[in-house]
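Read through the structure below, which is laid out as structure tokens, and then see the notes.
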Amino acid sequence: MTTTRFAPSPTGYIHVGNLRTALMNFLIAKKAGGTFILRIDDTDQERSKQEYVDGIQEDLEWLGITWDKIEFQSKRLDRYEAAADRLREMGRFYECFETPTELDLKRKKQLNMGKPPVYDRAMFSKTAEEKDALRAERGQGHWRFLLDQQRIEWTDGILGDLSIDAASVSDPVLIRGDGQMLYTLASVVDDTEMGVTHVVRGSDHVTNTATQIQIIEALGGTVPTFAHHSLLTGPQGEALSKRLGTLSLRDLREAGVEPMALLSLMARLGSSDPVELRSNIDELADGFDLGHFGTAPTKFDADDLYPLTGRVLHDLPLDAVAEDIAAAGVPADQSAQFWEVVRENITTRKDLATWWDLFANGADPVIDDEDKEFVAEAMALLPEGPFDGETWGVWTKAVKEATGRKGRGLFMPLRKALTGQSHGPDMSAVLPLLQVIKAKG
Ligand code: GLU
């Protein structure tokens, strides 16, 4: 059975880059009728925070990305220890005692000599006595997995056939000197024991994948299908890594982005399929194909989310926005009328309050110099309220007769005088909602 997982580290809120990973894994499971696991990679006790564990779940729930199971790596440490013991028994795991400074120096020397900075395995050949002495002097060492120096090959779900020479990669550290179990091993144990069949993640993990394939094989697990998606860049192709902090899902939610707008964009961005607004996740899953994603960096522009958000809103029935309309201050008996008038003129739900403010408190008129006299004359002809659906037609007819203006020259100055804007809903529908007309003086 198809099983996928999204494995965030709870060291921050998740952003659009993480969402891409989450969504791809989620849609693969969804399309196949499989299982989607939310795995919290919290072996780093110092940097992991409950606030982020909660935040990640809230953000996914907001989007309707639901998981069949949640797992916490911090609760599975004994499993990782057991795997580490097995690697030790096989002779594939060795303790090392170099300090970070020493390792750094080694790397620099290698680079100076034009060699790749691969760990030289100096500790692998130490005797037990030598290691005891080092441990007595330096404390517990860190543990490295002994790579088999062959080519590691796999067919990547996005990148195609890949081949990495293990000799060009350092033996990965799987347990730190302070005993912290590192993700590289923990992830392999989880993927194997939880029956994960597909792992989709960012292309920054390609080298990890190579080493993890060897660890999986050493532990007798089944290697899942790996796929690495390209990293997101800004609209101009600039690196997004620094800006991702401002592209957290909660910031986008706060800015008024609608879930289906975000999902519709992120599920297709970087693929050969067009971005089309979908009304639910099943529709997104139906048309999802990992094989359609390209290898080039994917440009992301947050501005693209707003037209889509507007389109999500236009189609909503009143009851889906009733709460926001009430919160904007619209009296219940006017909410249906209000929604009909503004639905096609909002980008986010926040605009509801802006429109209602305009209707309830009036807009500062915008009157061009050449229209001053005309607007004053028109205002003198504006009938007393209350206005209804006929008022605009009756009024503008009278203004036309009095001033001789017609068409755009007639309507636009009046719209701008009444609403302060050059575009917006049909004025015959706006007028009955306008409670204050500042242009009247
Ligand atoms: N916790 C890892 C990360 O956030 C998970 C990577 C993976 O999907 O294996 O990068």
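None of the figures in this text is laboratory data; all of them are computed from the coordinates on show. As the structure is a prediction and not an experimental result, all values here were calculated from the model. Reconstructed Cβ throughout: ideal geometry from the backbone, glycine too, with neighbour counts over all protein chains shown.
Normalised by the number of residues in region 1-154, what is the relative contact order in percent for Cα pairs under 8 Å and 6+ residues apart?
Numbers: 158 pairs, mean separation 31.2, N = 154.
Result for region 1-154 is 20 percent.
Can you tell me the FRET efficiency between SER163 and ALA32 if r is taken as the Cβ-Cβ distance and R0 is 22 Å, rounded to the nearest 0.05?
Details: r = 28 Å, r/R0 = 1.27.
FRET efficiency, SER163 to ALA32: 0.20.
Going by amide H atoms built from the backbone, whose H comes under 5 Å of the H on GLY202, apart from near neighbours?
Counting only residues 5 or more places away or on other chains, the set is HIS229.
Given N residues in region 154-296, what is its alpha carbon radius of gyration divided by 2.2 N^0.38 Å?
1.23
At 7 Å along the Cα-to-beta-carbon direction for both LEU111 and GLU81, put a label point, then send me their distance in nm to one decimal.
3.8
Suppose each label sits 7 Å from its Cα in the direction of the beta carbon; what would the ARG135-LYS406 distance come out to in nanometres?
9.9
Per residue of region 313-329, in order, report the coupling 6.51 cos²θ - 1.76 cosθ + 1.60 (Karplus, θ = phi - 60°) as ³J(HN,Hα) in whole Hz, putting x for Gly and Pro.
These are the phi-based 3J(HN,Hα) values: 5, 3, 8, 6, x, 3, 5, 6, 10, 4, 5, 5, 5, 5, 5, 6, x Hz.
What list of ³J(HN,Hα) couplings, whole Hz, do you get for region 22-39 from phi and the Karplus terms 6.51, -1.76, 1.60, once you set θ to phi - 60° and write x for glycine and proline?
Each residue's phi maps through the Karplus curve to give 4, 5, 4, 5, 4, 5, 4, 5, 4, 4, 8, x, x, 10, 10, 9, 9, 10 Hz.
Which order results if ASP156, ASP315 are arranged by neighbouring Cβ count within 10 Å, fewest first? Mind showing how you got there, number by number?
Values: ASP156 17, ASP315 11.
If I rank by nearby Cβ atoms, fewest first, I get ASP315, ASP156.
Want the number for ASP148 to ASP286: 0.36 nm per residue separation, take away the alpha-carbon distance, what's left?
Working: separation 138, 0.36 × 138 = 49.68 nm, distance 4.07 nm.
So the extension gain works out to 45.6 nm.
If amide H atoms are built 1.01 Å from N in the plane of the peptide, which residues on other chains or at least 5 residues away come under 5 Å of the amide H of LYS299?
THR233
Add -39500 (n - 2.57) for each DSSP H run of 4 or more in the chain, then divide by its residues: what number comes out at 222 nm, to the nearest 500 deg cm²/dmol?
On the way: 18 runs with 192 residues, N = 441.
Helix contribution divided over all residues of the chain: -13000 deg cm²/dmol.
I need the shape label for region 373-441. Rule: rounded when a/c is under 1.5, else prolate if a/b > b/c, else oblate, with a, b, c from the alpha carbon gyration tensor.
Here region 373-441 falls in the rounded category.
In region 321-392, which GluC sites (Glu not before Pro) are in a loop and have at most 12 other Cβ atoms within 10 Å, using DSSP for the loop call?
For GluC sites (Glu not before Pro) across region 321-392 that sit outside H, G, I, E and B with at most 12 neighbouring Cβ atoms in 10 Å, the list reads GLU384, GLU390.
Within region 5-52, report the trypsin sites (Lys or Arg not before Pro) that DSSP leaves as loop and that have at most 12 other Cβ atoms within 10 Å.
Taking region 5-52 and a limit of 12 other Cβ atoms within 10 Å, the loop trypsin sites (Lys or Arg not before Pro) found are ARG47.
In nanometres, what is the gap between the two model label sites at THR99 and VAL436, each 7 Å from Cα along Cα-to-Cβ?
7.0
Taking the Cα centre of region 92-178 as origin, sum charge times position over the Cβ atoms of Lys and Arg (+1) and Asp and Glu (-1), and report the length of that vector in debye to the nearest 20.
Dipole magnitude for region 92-178 comes out near 260 debye.
Given a Förster radius of 22 Å and the C-beta distance between LYS49 and PHE72 as r, what FRET efficiency does 1/(1 + (r/R0)^6) yield to the nearest 0.05?
That gives a FRET efficiency of 0.95.
When only C-alpha pairs under 8 Å and at least 6 residues apart count, what is the relative contact order of the chain, in percent?
Relative contact order for the chain comes out at 13 percent.
Let me spell out the model: positive unit charges on the Cβ of Lys and Arg, negative unit charges on the Cβ of Asp and Glu, origin at the Cα centre of the chain. What dipole size does that give, in debye rounded to 20?
It works out to roughly 980 debye.
Calculate the radius of gyration of the Cα atoms of the chain to one decimal place, then report Dmax, the largest Cα-Cα distance, as a whole number, both in Å.
Computed over the Cα atoms of the chain, radius of gyration and Dmax are 30.8, 107 Å.
With no solvent and one equal point scatterer placed on each C-alpha of region 275-382, evaluate the Debye formula and give log10 I(q)/I(0) for q = 0.17 Å⁻¹, two decimals.
Treating every Cα as an identical point scatterer, log10 I(q)/I(0) equals -0.94.
Search the structure for amide H atoms under 5 Å from the amide H of ALA363, placed 1.01 Å from N in the peptide plane, and list their residues when 5 or more places away or on another chain.
Amide H neighbours of ALA363: LYS438.
May I ask you to evaluate 6.51 cos²θ - 1.76 cosθ + 1.60, the Karplus curve with θ = phi - 60°, for each residue of region 340-354 and list the ³J(HN,Hα) values in order in whole Hz, giving x for glycine and proline?
4, 6, 9, 3, 8, 10, 10, 9, 10, 4, 4, 5, 4, 5, 5
Taking the Cβ of THR192 as the centre, find all other residues whose Cβ is under 11 Å away and add up their charges (Lys, Arg: +1; Asp, Glu: -1).
Surrounding charge for THR192 is -3.
Report the calculated FRET efficiency for ASP120 and ASP251 (r = Cβ-Cβ distance, R0 = 35 Å), to the nearest 0.05. All intermediate terms of the calculation are to be shown ahead of the outcome.
On the way: r = 45 Å, r/R0 = 1.28.
Using R0 = 35 Å, I get an efficiency of 0.20.
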